[in-house]
Amino acid sequence: SDGTADMDVTRATDATRVNENGLIEDVLSGVPRIDYTGGGCPHILAEPMRTNTSTISNELDLWANKINVTITPDYSLSPDGSINSNRLLFSANGFTYNNILQVISTVYSLSVYAKRNSGTEDVGFFTNGSGGVNYAFNLTSEWQRFEYTYTSSNTSTFGIAGLSGADVSIFGFQSEVGSYPTSYIPTSGGQVTRNQDIFTRDGIGSLI
């Protein structure tokens, strides 16, 4: 009760978590993240340092390249509780990306929140500059986070691709170097790094 042997938490940057209402929210530096992803009992997030290399994570209408897709910003309620999701409507087979080049023979993890609006749901990630769907989303009318890990085979780009008629909502695109995806790191014009969560507990010798 006097604080002896309490666990100390440090993290030099802000970070995000999913709160008890199922919404993504920001947590200040140095504060532990009690995460409710998937519902039920929460857990403490303990993540390594990661960087979202996608320099515009959510304003997809600002992405540099849009082929056969119309992107409408601020379309509907998103996973963070704001009206800031993106509608992607494909008039023909197409794709969109933001000129972020991958490093050859590097393991990347892509992640994004998505749901179906109407029409078909043939949408997913494209990698290695293919422009076609390499990993298809199994969409419903509810928000889900889709994740895909791959090894780059060239120095091309990656993004979202879809077939003609696809109509979906998208939020929070993330690309990070690593063998699994981590919590959402928002970006708005440049890469953003979230520092590692560090947990320490001192002064416990007399308690063991």
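The values are calculated or read from the model by the stated rules, or taken from the named source; none is laboratory data. On a predicted model such as this, the values are computed, not experimentally measured, just so you know. Virtual Cβ from ideal backbone geometry, glycine too; neighbours counted across all protein chains shown. Areas reflect the complete protein model, heavy atoms only, side chains present, ligands, DNA and RNA absent. Shrake-Rupley method; radii C 1.70, N 1.55, O 1.52, S 1.80 Å.
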(Q) Can you find a residue that is in contact with a Phe, Trp or Tyr (Cβ under 6 Å, 6 or more places away or on another chain), in a loop (DSSP other than H, G, I, E, B) and either closer than 24 Å to K115 by Cβ or open to solvent by less than 20 Å² (accessible area, probe 1.4 Å) (or both) anywhere in region 29-46? (A) yes
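Any residue at all in region 78-101 that's closer than 10 Å to V168 by Cβ and of a type in the set (F, W, Y)? Don't jump to the end; show me each part of the working.
Of the residues in region 78-101, the ones closer than 10 Å to V168 by Cβ are 85-90.
Subset that is of a type in the set (F, W, Y): 90.
Scanning region 78-101, I find at least one residue that is closer than 10 Å to V168 by Cβ and of a type in the set (F, W, Y), so the answer is yes.
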Can you find a residue that is crowded, with 18+ Cβ neighbours inside 10 Å and either free of Cβ contacts under 8 Å to residues at least 40 places away in the same chain or more than 20 Å from the chain's Cα centre (by Cα) (or both) anywhere in region 147-157?
yes
Quick count over region 20-74, residues being farther than 20 Å from F173 by Cα and of a type in the set (D, E), is 1
Within region 103-121, the residues that are out of contact with any Gly (no Cβ under 6 Å at 6 or more places or on another chain) and not aliphatic (A, V, I, L, M) are S105, T106, Y108, S111, K115, R116, N117, S118, E121
Going through region 8-24 in order, the residues found to be exposed (fewer than 14 other Cβ atoms within 10 Å of the Cβ) and either at pLDDT 95 or above or part of a loop (DSSP other than H, G, I, E, B) (or both) are A12, E20, N21, G22
Exception for R201 within (1) under 21 Å from D35 (Cβ atoms); (2) open to solvent by 60 Å² or more (accessible area, probe 1.4 Å); (3) at pLDDT 95 or above falls at (3)
